[in-house]
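The values are calculated or read from the model by the stated rules, or taken from the named source; none is laboratory data. All values derive from a computational prediction rather than experimental measurement. Please note: Cβ atoms are built from the backbone with ideal geometry, for glycine as well, and neighbour counts cover all protein chains shown.
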Amino acid sequence: MSSNDAPQPHAFDSLTPDQVLDALATLGLHGDGRLMALSSYENRVYLVHLDDGEAVVAKFYRPGRWSNGQILEEHAFAAELMAAEVPAVGPIAFAGQTLHHFGPFAFSVSPRRGGRPPELDDGEVLEWIGRFLARIHTVGGQRPFAHRPALDLQHFGTESRNWLLDHDKLPLDVQSAWAQACDRALAVIADSALTQVGLGGGGIATLRLHGDCHPGNILWTPTDRPGGGPHFVDLDDARTGPAVQDLWMLLSGNRSQRQRQLGALVDGYEQFREFDRRELALIEPLRTLRLIHYSAWLARRWDDPIFPINFPFFGTSDYWHGQVQMLEDQMEAMAEPPLIV
């Protein structure tokens, strides 16, 4: 291997345990040396034990992903939710600031919260989550984001498709088939109800969302304890979009199972906020956009050593043939009648 072929250092390579502890020390937080990396691919997140016996979660943002203004909007949204007694976990302010810098890194510090993934086959749990999602959206609808992008066809679909092809990220034996399937899927989405999102004048409304509300971002604590129930974490993907974006990732199984799960979520949701039934037609288009965006996300992050280790299947011909089939399946799903509640 020549020197030109040697792996290039990644920004996170310099984030050693000593760097993490030194960064926290600038805030008066002194670690006792125990750090545990938490599950996060986009950023680096650590549970840090302090010398006073407490523990905090330190989040170091991926350089170049978000601007300071976009990160501060995430923090402000979390603060609004907590002020409204929504169980979201947001950063701690030190001297009035929630965003801090150390070397090349922006970072924040949050309280530790325990919990387990919610039991999504339990209707009462889903109804409970639905109530809090409605409360998140009530806060989210009070004002728009000024800096954070929208979840839409252009940002998630077209830009992802173009980047993958422009950067030759697909093997030649499957490139044409994937491009054709992707173009057909994007054309279906362009003709869907998604085109009515955020247009006003009777179109489907948009608001500030959690944005990535999958089960791993909800921590459930026993309900027989004070403050028990769901806690929403990781607002890193907070965006502007339709309310249903924060519901559909909690649905799984066959159609009848998803129908029951959706019914429980909406039953809880509508105890606090009306749900626009037209948004149900957006579920499969949004799922398709996430599928395309996910492949582009993996490809964009491939220079980060943590990605080849954790996603060894990505980039192979088999992976992309599988993506072609999944896009074909999604086109069939988008042609079906939407779920009803």
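Looking across region 202-222, just one residue is without any contact (Cβ under 8 Å) to a residue 60 or more places away in the chain and either more than 21 Å from Gly140 (Cβ to Cβ) or not assigned by TED's automatic domain parsing to the domain that holds Ile129 (or both), and that is Pro222. Scoring Trp248 on the criteria (1) over 30 Å from Asp166 (Cα atoms); (2) surrounded by fewer than 20 Cβ atoms within 10 Å (Cβ to Cβ) leaves a single failure, condition (2). What number of residues in region 307-333 are touching a helix residue (DSSP H, G or I) at 6+ places or on another chain (Cβ under 8 Å) and either under 30 Å from Leu15 (Cβ atoms) or modelled with pLDDT under 95 (or both)? Count: 5. Pairs needed: first member in region 298-313, farther than 17 Å from Gly64 by Cα; second member anywhere, among the hydroxyl-bearing types (Ser, Thr, Tyr) and part of a helix (DSSP H, G or I); C-beta distance under 6 Å; at least 6 residues apart or different chains. Partner pairs satisfying both residue conditions: Phe313/Tyr319. For region 218-234, a tally of residues being within 20 Å of Val57 (Cβ to Cβ) and either touching a Gly at 6+ places or on another chain (Cβ under 9 Å) or modelled with pLDDT of 90 or more (or both) returns 9. Residues in region 71-120 that are charged (D, E, K, R) and under 17 Å from Phe145 (Cα atoms): Glu73, Glu74, Glu80. Mind checking which residues of region 85-121 are touching a residue at least 12 places away in the same chain (Cβ under 8 Å) and outside any loop (DSSP other than H, G, I, E, B)? Once the filter is applied, which keeps residues that are touching a residue at least 12 places away in the same chain (Cβ under 8 Å) and outside any loop (DSSP other than H, G, I, E, B), region 85-121 yields Ala88, Phe94, His100, Phe102, Phe105, Ala106, Phe107, Ser108, Val109, Ser110, Pro111, Arg116.
Take the conditions (1) surrounded by fewer than 22 Cβ atoms within 10 Å (Cβ to Cβ); (2) in contact with a Gly (Cβ under 7 Å, 6 or more places away or on another chain); (3) among the hydrophobic types (A, V, I, L, M, F, W, C); Ala193 misses just one of them, which is (2).
When you scan region 274-292, how many residues do you find that are without any contact (Cβ under 8 Å) to a residue 40 or more places away in the chain and surrounded by fewer than 18 Cβ atoms within 10 Å (Cβ to Cβ)? Residues flagged as without any contact (Cβ under 8 Å) to a residue 40 or more places away in the chain and surrounded by fewer than 18 Cβ atoms within 10 Å (Cβ to Cβ) within region 274-292 amount to 1. If you check Ala134, Ala179 for being surrounded by 14 or more Cβ atoms within 10 Å (Cβ to Cβ), modelled with pLDDT of 95 or more, out of contact with any strand residue (DSSP E or B) (no Cβ under 8 Å at 6 or more places or on another chain) and within 20 Å of Met249 (Cβ to Cβ), only one passes: Ala134.
Beta carbons closer than 7 Å, at least 6 apart along the sequence or on distinct chains, pair a first residue in region 317-341 that is more than 21 Å from Leu262 (Cα to Cα) with a second that is aromatic (Phe, Trp, Tyr) for Tyr319/Phe313; Trp320/Trp178; Gln323/Trp178; Val324/Trp178.
Quick one: in region 24-38, which of the residues that are small (Gly, Ala, Ser) and either surrounded by fewer than 12 Cβ atoms within 10 Å (Cβ to Cβ) or not assigned by TED's automatic domain parsing to the domain that holds His49 (or both) is farthest from Pro111 (Cα to Cα)?
Quick first cut of region 24-38, residues small (Gly, Ala, Ser) only: 25, 28, 31, 33, 37.
Remaining after also requiring either surrounded by fewer than 12 Cβ atoms within 10 Å (Cβ to Cβ) or not assigned by TED's automatic domain parsing to the domain that holds His49 (or both): 28, 33.
Values: Gly28: 15, Gly33: 18 Å.
Ranking the candidates gives Gly33 first.
Taking residues in region 42-60 that are under 11 Å from Ser108 (Cα atoms), and partners anywhere that are among the polar types (S, T, N, Q), the pairs with Cβ atoms closer than 7 Å and at least 6 places apart or on different chains are Val56/Ser110; Val57/Ser110; Lys59/Asn43; Lys59/Ser108; Lys59/Ser110; Phe60/Asn43.
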